[in-house]
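Structure, as C-alpha cells:
The values are calculated or read from the model by the stated rules, or taken from the named source; none is laboratory data. Keep in mind that what you see is a predicted model, and the values were worked out from it rather than measured. When we count neighbours, we look across all protein chains shown, and the Cβ atoms used for this are built from the backbone with ideal geometry, even at glycine. We work out accessible area using only protein heavy atoms, side chains counted, and drop any ligands, DNA or RNA first. Shrake-Rupley method; radii C 1.70, N 1.55, O 1.52, S 1.80 Å.
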Amino acid sequence: MLKEALDGQLTALYNAVAASEQVQVEPVGRWFEAFLKRRTRNVSASFQELEEEEQLSEEEEDEELQLEEYPMLKTLDPKDWKNQDHYAVLGLAHIRYKATQKQIKAAHKAMVLKHHPDKRKAAGEQIVEGDNDYFTCITKAMEMLSDPVKRRAFDSVDPTFDNMVPSKAEGKENFFVVFAPVFERNSRWSVQKHFPSLGALDASFEEVDHFYSFWYNFDSWREFSYLDEEEKEKAECRDERRWIEKQNRASRAQRKKEEMNRIRTLVDTAYNCDPRIKRFKEEEKARKESEKKAKAEAKKREQEEKERVRQAEEEAARMRREKEEEAARQVAQQAKKEKEAQKKAIKKERQKLRTTCKTHSYFTDNEADGVRMMEEVEKLCDRLELTSLQTLNEALASGNKEQSKAALEKQVQEVNVQMRKEKEAEMQAQQAVRGAEHTSAGGGGLNNRGWNEEDLQLLIKAVNLFPAGTNARWEVIASYMNQHSSSGVKRTAKDVINKAKTLQKLDPHQKDEINRKAFEKFKKEHSAVPPTADNAVPSERFDAVSAESNSSPWTTEEQKLLEQALKTYPVNTPERWEKISDAVPGRSKKDCMKRYKELVEMIKAKKAAQEQVTTKNKK
C-alpha cells in the first residue's frame with residue numbers, strides 16, 4: 001500500500017505492479033513453534049505471552065537470588081540433623097516456605113560449590129572424614145527440601161512460626177491490628193488456596209459470616225510426622241516396626257488435636273472480641289425486640305377487638321335477656337293476676353257454698369249428721385275446682401231443698417270415691433316398691449326380709465367403722481349389728497355382704513333417701529320428750545351449755561385438733577376440758593366431752609365385735 005503524499009509533494013508512477021504469485025514456503029522459526037504450542041494447548045496469544053513473561057521473571061529471580069550466609073553452619077552436628085534449620089543451611093532463611101524448587105536447587109548448587117570437601121581440601125582446610133563433616137548437613141537439607149512430602153513435614157514444624165494466640169484484652173484494644181496478621185500467618189496451613197480476609201469494621205454480615213464459617217470449619221494440612229521420636233526404618237523386625245508406627249500415630253494425633261484446639265481458641269477469641277459481631281448481635285436483638293413489640297401490639301389489638309366484640313355480644317345478650325325477662329315478668333304478672341282472680345273466685349264460691357249449706361242447716365236436722373256434712377262440705381271446698389264449685393252452687397241455688405241435698409250428697413259421694421281410688425293407687429305403688437326392694441336383695445335367706453331404715457343406717461355406720469383390711473371384716477360387721485340392732489334379727493356375714501352389695505347398686509338418690517328417713521326417725525324419737533320432774537325446770541348451767549353446743553357434724557380438721565388436744569392435755573391437767581375446747585375453734589366443752597364419749601363407745605364396740613369373732617373362730 002502506497003503512503004499518502006505530503007503537502008507540496010507529488011506521487012509519480014514509474015512502472016506497473018506485477019501480478020501476485022503463489023509461492024510454496026516452509027514455516028520455521030520460534031514464532032511458528034509458539035503458534036503450534038498455542039494451537040495444541042488451545043490458548044490465546046496473550047496467554048502465551050504471559051507464560052513467557054512468567055518464565056522470564058522466574059529466570060530473573062533465579063539470577064537475582066541472594067543467599068544469606070548461615071554463621072552456625074560449620075558448627076552443626078550432622079547426627080542432630082532433625083534440630084537444624086534446613087532453610088538457613090541453604091541460605092534461604094529469608095524466603096523459607098515461599099522458596100521455589102529452582103531457588104532451592106540454585107541455593108544448593110551455590111553451597112556445594114562453596115563448601116564441598118574437595119574444594120575446601122584443595123584450599124588447605126582440614127576436612128573431617130566420613131559423614132561427620134558439616135557438608136552432610138547441606139546434603140540433608142537438600143534431601144528434605146527437594147522432596148515435597150518431607151518438605152511439608154518440616155514446614156509443619158517450622159521453628160520460626162509463631163503459634164501465639166492473642167488474649168481478649170489485646171484483641172479488645174485494637175482488634176483488626178492484632179488479629180489480622182495472626183489469621184494471615186495461620187492461613188498458610190489451609191488446604192484451600194483461597195481464603196477470606198478478616199475485613200474491616202464496615203464489612204457486611206455476609207462477609208463476616210463467611211470469614212468465621214471458613215475458620216470454624218478450617219481444614220489444615222499441617223502434620224507432625226517430623227517430630228516422630230522413633231524411626232521405623234531402624235526397627236529390627238516387623239513387630240517392632242508396627243509398634244513404632246503405632247506410637248508415632250498416637251503422638252501425631254495428639255499434636256494434631258492440640259493444633260486444632262489452638263485454631264479453635266484463636267477463632268473463639270476473635271469472635272468474642274470482634275466489634276462487628278457485637279454490632280450484629282445488638283442489631284439482631286433490636287430487630288427481635290421490635291418484632292416482639294409489634295407482635296405484642298398486634299395481639300393487644302386482637303384482644304381489644306375480641307373484647308369489643310365480646311362486650312357487644314354481652315350487651316346484645318343483656319338487652320335480649322332483659323326483653324325476655326320483661327316479657328316473662330309481664331306473663332307472670334298476668335298469670336298472677338289470673339291466679340289471684342281465680343283464687344278470689346274460688347274463695348267466693350267456697351264462701352257461697354258454705355253460706356248456702358249453713359242456711360239450710362247442712363240439709364239435715366240431726367246434729368251429728370250436721371257435723372259430718374260440715375266436714376264433707378270442707379272437703380268439697382278443698383277438692384273441687386272453680387268450675388265444679390260454680391256448677392254445684394248453681395244447682396243448690398236453682399233447686400228446692402231436696403234437690404239441693406241430693407246434688408250435694410252426689411258431689412260428696414263422687415269426691416269420696418275419687419279419694420279412695422287415689423289412696424288405693426298409692427298403696428299399690430308402695431307395695432310394688434317394697435316388692436322390688438325385696439327382689440333386688442334376693443338370695444340372702446329369711447333374714448333379708450327385716451331390713452328397716454334403722455338397720456340400713458347401722459349397716460352403713462358399721463361399714464365405715466370397719467374399713468377394708470380389717471381382720472374377718474364382714475363377721476365383725478355382722479356381730480356389731482347383732483349387738484346394736486333393736487329389730488332382734490340375727491345377721492350373718494353372708495346377709496351383710498349381700499345387703500352391702502345391694503346398697504352399692506342403688507341410685508345415690510335412694511341412698512340419700514335412706515339416710516334422710518333414718519335421721520327423721522331419730523329426730524322424731526328424741527325431739528318430743530314428755531315433761532317430767534327431771535326436765536320440767538332445767539338449771540341455768542344446763543341452759544347455758546345447751547345454748548353454746550354445736551349440732552353440726554365434726555369435720556376431719558376438728559377431729560385432728562381434738563385428738564391433738566387430748567394428747568397435749570392429759571387426764572391430770574387442771575381444767576382439762578376447758579383447755580381442750582379452746583384448742584378446737586367452734587366447739588364447746590360439752591361438744592368435746594360428747595365427742596370423746598362417742599369415740600370411746602365406738603372403740604369399745606369395735607373391740608367387742610372383733611373379740612367376739614375371734615372367740616368364735618377359736619371354738
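General remarks:
- Surrounding net charge for residue 387, when Lys and Arg each add one and Asp and Glu each subtract one, Cβ distance under 12 Å: -3
- The residues of segment 73-156 present an accessible area of 54 Å² per residue when probed at 1.4 Å with all protein chains retained.
- A cut-off under 12 angstrom between Cβ atoms defines the neighbours of residue 132, and their net charge, with Lys, Arg +1 and Asp, Glu -1, is -4.
- Computed label-point distance, nm, for sites residue 501 and residue 128 using a 7 Å Cα→Cβ extension: 11.3
- Sites listed here are trypsin sites (Lys or Arg not before Pro) in segment 473-505 whose DSSP assignment is loop and whose Cβ has at most 16 other Cβ atoms within 10 Å: 490.
- Largest-first ordering by accessible area, 1.4 Å probe, given options 595, 96: 595, 96
- Dipole of segment 328-434, positive direction: furthest Cα of 328, 411, 381, with charges on the beta-carbon: 328
- Packing, taken as the mean count of other beta carbons within 10 Å per residue, orders the peptides 421-430, 24-33 from highest to lowest as 421-430, 24-33.
- Of the residues 135, 165, 123, the one whose Cα sits farthest towards the positive end of the charge dipole of segment 109-201 is 165 (charges of +1 on Lys and Arg Cβ, -1 on Asp and Glu Cβ, taken about the Cα centre).
- Sites listed here are chymotrypsin sites (Phe, Trp or Tyr not before Pro) in segment 160-252 whose DSSP assignment is loop and whose Cβ has at most 12 other Cβ atoms within 10 Å: 221.
- Partner lysines for residue 606 [C-alpha distance under 17 Å; skip if fewer than 8 residues away on the same chain]: 461, 597, 616
- Relative contact order, whole percent, for segment 73-156 stands at 43, derived from Cα pairs under 8 Å and 6 or more residues apart.
- Counting charges near residue 112 (Lys, Arg +1; Asp, Glu -1) among other residues having Cβ under 12 Å from its Cβ returns a value of +4.
- Charge dipole (debye, nearest 20) of segment 328-434; +1 at Cβ of Lys and Arg, -1 at Cβ of Asp and Glu: 660
- Potential extension, residue 310-residue 461 segment - 0.36 nm per residue separation minus Cα distance: 49.1 nm
- Signed unit charges on C-beta, dipole axis of segment 169-273, positive-most listed residue 243, 272, 216: 243
- Full-extension gain in nm, residue 385 to residue 41, via 0.36 nm per residue minus C-alpha separation: 111.0 nm
- Rounded FRET efficiency, nearest 0.05, which uses the C-beta distance separating residue 79 from residue 197 and R0 of 56 Å: 0.80
- Low-density loop positions, GluC sites (Glu not before Pro), segment 102-192 - DSSP coil, at most 15 other Cβ in 10 Å: 125, 129
- Most to least accessible of 75, 355 (protein chains only, probe 1.4 Å): 75, 355
- Set 193/246; 102/246; 490/589; 121/232; 172/295; 172/285 screened for pairs whose C-alpha atoms are more than 29 Å apart: 193/246; 102/246; 490/589; 121/232; 172/295
- Kirkwood-Stokes translational diffusion coefficient of segment 169-273, alpha-carbon pairs, 10 °C, 1.306 mPa s, µm²/s: 98
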